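The values are calculated or read from the model by the stated rules, or taken from the named source; none is laboratory data. Worth saying up front: this structure is predicted, and the values here are computed from it rather than measured. Neighbour counts run over all protein chains shown; Cβ positions are idealised from the backbone, glycine included. Side chains are part of the model used for accessible areas, which takes the heavy atoms of the whole protein and leaves out ligands, DNA and RNA. Shrake-Rupley method; radii C 1.70, N 1.55, O 1.52, S 1.80 Å.
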Amino acid sequence: MAAIYSLYIINKSGGLIFYKEYGSAGRMDTNDSLRVASLWHSMHAISQQLSPVSGCSGIDLLQADTFDLHCFQPLTGTKFFVVCEPGTRHMEGLLKFIYELYTDYVLKNPFYEMEMPIRCELFDINLSQAVQKDHVALLGR
Amino acid sequence: MAPVGPRSGDAIFANVERVNAELFTLTYGAIVRQLLTDLEEVEEVNKQLDQMGYNIGIRLIDEFLAKSNVSRCVDFKETAEVIAKVGFKMFLGVTASVTNWDADGTCCSIVLEDNPLVDFVELPDTCQGLYYCNILSGVIRGALEMVSMKTEVTWAKDMLRGDDVFELQVKLLKQVPEEYPYKDDE
């Protein structure tokens with residue numbers, strides 16, 4: 001059974017604006033999650049520079065022994081990434097779907113300040129529905 | 001190979017939630033009217049509408065990218081086409097055309113023959129300097145700024161001022177590179 005461990009959203013300048021854990025595996029405190037976010041932001045930028053291919057948009061997938069990290073970066077520079085059990089499928093679709101939820105429930109909330117931490121209940125509700133496993137499988141179809 | 005984005009916004013337009021056109025038109029009219037009352041100066045209203053549009057544009061661009069599946073444009077020409085064909089269709093339900101390219105491909109006109117914002121509007125003599133749809137130019141400017149293009153968007157023709165079409169002039173001022181400003185020797 002594949003599982004998602006955590007979800008991060010980081011703004012253009014590398015600040016963590018949303019973090020959510022699912023389940024108890026890989027639990028982190030606030031400082032660590034902030035560190036992971038800014039570390040990933042920098043690594044992503046460096047990977048773009050190191051890539052032998054021109055026009056590279058950075059790391060999409062990092063595979064480790066104990067986890068996979070899938071990253072999605074739309075043209076506006078906000079980054080979405082999930083850390084999940086190795087081999088979890090349909091993560092690309094999930095990230096795209098989360099991006100849509102972000103545009104609907106975060107950006108359209110007139111009281112949300114751009115680039116600031118996300119505290120939107122509607123986003124939370126819709127997100128938890130999207131992350132439920134059967135829904136993830138559905139997105140893959 | 002990245003997927004090629006749609007050349008028209010019809011399919012997306014069919015799938016997004018829509019509101020009654022009259023409600024939209026009248027709401028916009030009420031906003032402009034209120035701004036005129038509050039700010040008194042027509043020039044100030046133009047500025048305020050542009051700023052409101054900008055604030056919308058910087059958020060709207062993400063929705064556009066999320067729902068349109070458009071990938072990175074190769075040049076400004078493609079960008080203008082995508083705005084006219086996909087963007088306007090998706091959010092306003094109308095299609096625009098792109099004309100009047102200058103020699104170096106940095107300035108063009110987006111021509112709107114149909115504009116739902118002005119369905120019931122007649123400009124009175126006291127508001128002759130008003131760019132009634134100035135919110136649209138702000139939206140385009142804001143949206144493009146979020147994808148690293150600094151632009152200047154102005155109205156070249158306005159049907160409310162007796163022209164035969166609405167024409168927005170979009171001028172690319174500069175393309176801000178996305179690369180991080182790292183230098184090897186720093």
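Looking only at region B:124-133, filter to residues that are in a helix (DSSP H, G or I) and open to solvent by 20 Å² or more (accessible area, probe 1.4 Å); which one of those is nearest to the other protein chains (Cβ to nearest Cβ)? Checked region B:124-133; the qualifying residue nearest to the other protein chains (Cβ to nearest Cβ) is B:Thr126. Set side by side, the residues A:Phe111, A:Phe80 differ, and just one is in contact with a Cys (Cβ under 9 Å, 6 or more places away or on another chain), within 24 Å of B:Leu60 (Cα to Cα), surrounded by fewer than 16 Cβ atoms within 10 Å (Cβ to Cβ) and within 14 Å of chain B (Cβ to nearest Cβ), which is A:Phe111.
Per the conditions (1) of a type in the set (Gly, Ala, Ser); (2) open to solvent by 20 Å² or more (accessible area, probe 1.4 Å); (3) under 17 Å from A:Tyr22 (Cβ atoms), the sole criterion not satisfied by A:Ala37 is (2). Beta carbons closer than 8 Å, at least 6 apart along the sequence or on distinct chains, never pair a first residue in region A:1-24 that is free of Cβ contacts under 8 Å to residues at least 12 places away in the same chain and closer than 15 Å to A:Glu85 by Cα with a second that is in a strand (DSSP E or B) and of a type in the set (Ser, Thr, Tyr). Checking A:Ala45 against (1) of a type outside the set (Val, Ile, Thr); (2) open to solvent by 50 Å² or more (accessible area, probe 1.4 Å); (3) modelled with pLDDT of 90 or more, only one condition comes out false. Which one? If we test A:Ala45 against (1) of a type outside the set (Val, Ile, Thr); (2) open to solvent by 50 Å² or more (accessible area, probe 1.4 Å); (3) modelled with pLDDT of 90 or more, just (2) comes out false. The single condition among (1) within 14 Å of chain B (Cβ to nearest Cβ); (2) open to solvent by 50 Å² or more (accessible area, probe 1.4 Å) that A:Phe67 does not meet is (1).
Taken as a whole, the condition of being open to solvent by less than 70 Å² (accessible area, probe 1.4 Å) and modelled with pLDDT under 95 applies to B:Asp163.
A:Ala25 passes every criterion in (1) hydrophobic (A, V, I, L, M, F, W, C); (2) outside any loop (DSSP other than H, G, I, E, B); (3) within 24 Å of A:Val136 (Cα to Cα) apart from (2).
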